[in-house]
Amino acid sequence: MLDNGIPSWQLIHTLVFDFDGVFTDNKVWVDQDGNESVRCDRADGLAFDMLRRFIRHNDWDLDYFILSTERSKVVSARAKKLLIPCHQEVRDKAAHIGKYLNKNNKHGAGLIYVGNDLNDLKVMKISGYSIAPSDAHPLIKQRADLVLPSKGGEGFVREIIERIIGLDQMSSSIFLKQNLI
């Protein structure tokens, strides 16, 4: 465990993110034609770039993806932009993760799950470690191993990634030397 409350990256094999309330502020705009829009934080893009560089630099075998209950063009577009695999229309997230772990011969202890609402509770229970934003549902905050001060869609994903790769505990010059930022 690092001083920032996150397990050491060497102990993590999978990082799974819910979408709404994690990448977004959990709000949606709907126009008169039924088209949806959400607000995301642009800083997440740089965070995933840094994560990918860190993975390559350290030869880290990390799987990461978005896991969403609904199918949404908004989620697909954001995942494509961030170059993140996305699993959508997953009604039972815990069963989906259980199948993923079995198929890939992985254990729950190396899985970090990031969620904010009640449909994330069951998968948080089978994850080795769980993280929630400060504006998550009270039961999620109670269950999470770590509740970060940032809110969903407001630098929350960026904060998680910076903590995992240790940017919050190292000088930026180390990361510049390693070409991570």
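Hey, what number do you get for the chain at 222 nm if only DSSP H runs of n ≥ 4 count, each worth -39500 (n - 2.57), divided across all residues, to the nearest 500?
-10500 deg cm²/dmol
So what's the net charge close to Tyr129: Lys and Arg +1, Asp and Glu -1, counting the other residues with Cβ under 12 Å from its Cβ?
Neighbour charge sum, excluding Tyr129 itself: +2.
Net charge near Leu82, counting Lys/Arg +1 and Asp/Glu -1 over other residues with Cβ under 13 Å of its Cβ?
So the environment of Leu82 carries a net charge of +3.
For region 150-156, what does the Karplus curve 6.51 cos²θ - 1.76 cosθ + 1.60, with θ = phi - 60°, yield as ³J(HN,Hα) per residue in whole Hz, taken in order and with x for Gly and Pro?
Values, residue by residue: 6, 8, x, x, 10, x, 5 Hz.
Could you list which residues have their amide H under 5 Å from that of Asp63, counting only those 5 or more apart in sequence or on another chain, with H placed in the peptide plane?
So Asp63 has HN proximity to Thr14, Leu15.
Antiparallel DSSP bridges in the chain: what percent, to the nearest 5?
Taking every DSSP beta bridge with both residues in the chain, the antiparallel ones total about 15 percent.
What span do the alpha-carbon atoms of the chain cover on each of the three principal axes, reported in whole Å from largest to smallest?
50, 33, 30
Search the structure for amide H atoms under 5 Å from the amide H of Ser130, placed 1.01 Å from N in the peptide plane, and list their residues when 5 or more places away or on another chain.
Those qualifying (amide H under 5 Å, at least 5 residues apart or on another chain) are Tyr113, Asp145, Leu146.
Per residue of region 31-47, in order, report the coupling 6.51 cos²θ - 1.76 cosθ + 1.60 (Karplus, θ = phi - 60°) as ³J(HN,Hα) in whole Hz, putting x for Gly and Pro.
Using θ = phi - 60°, the values come out as 8, 5, 9, x, 6, 9, 9, 10, 9, 10, 9, 4, 4, 4, x, 5, 4 Hz.
How many angstrom separate the Cα center of region 4-19 from the Cα center of region 100-118?
10
Apply the Karplus curve 6.51 cos²θ - 1.76 cosθ + 1.60, θ = phi - 60°, to the phi angles in region 64-78 and return the couplings in whole Hz, x for Gly and Pro.
8, 6, 8, 10, 10, 5, 10, 9, 8, 5, 5, 5, 4, 5, 5
Please work out how many pairs of lysine residues in the chain are eight or more positions apart (or on different chains) and have Cα atoms closer than 17 angstrom.
Taking the chain as the scope, the lysine pair count is 13.
Going by a ≥ b ≥ c, the root eigenvalues of the Cα gyration tensor, does region 43-90 fall in the rounded group (a/c under 1.5), the prolate group (a/b larger than b/c) or the oblate group?
Oblate, because a/c is 1.5 or more while a/b does not exceed b/c.
Give me, ordered by chain and number, the residues 5 or more places off His87 or on other chains with an amide H under 5 Å from its own placed amide H.
Placed amide hydrogens put Ile66, Leu67, Ser68 under 5 Å from His87.
For the chain, with a Gaussian network of springs between Cα atoms less than 10 Å apart, report the residue from Lys93, Lys80, Lys125 with the top mean-square fluctuation.
Maximum among the listed residues: Lys80.
Going by how many other beta carbons lie within 10 Å of each one, how would you line up Arg42, Arg53, fewest first?
Arg42, Arg53
Net charge near Ala95: determine it from the other residues with C-beta under 14 Å of the C-beta of Ala95, scoring Lys and Arg +1 and Asp and Glu -1.
Result for the neighbourhood of Ala95: +3.
Throughout, read-outs are computed from the coordinates displayed, never taken from laboratory work. From a predicted model like this one, the values you see are computed outputs, not experimental measurements. Methodologically, a virtual Cβ is constructed for each residue, glycine included, from the backbone with ideal geometry; neighbour enumeration extends over all protein chains shown.
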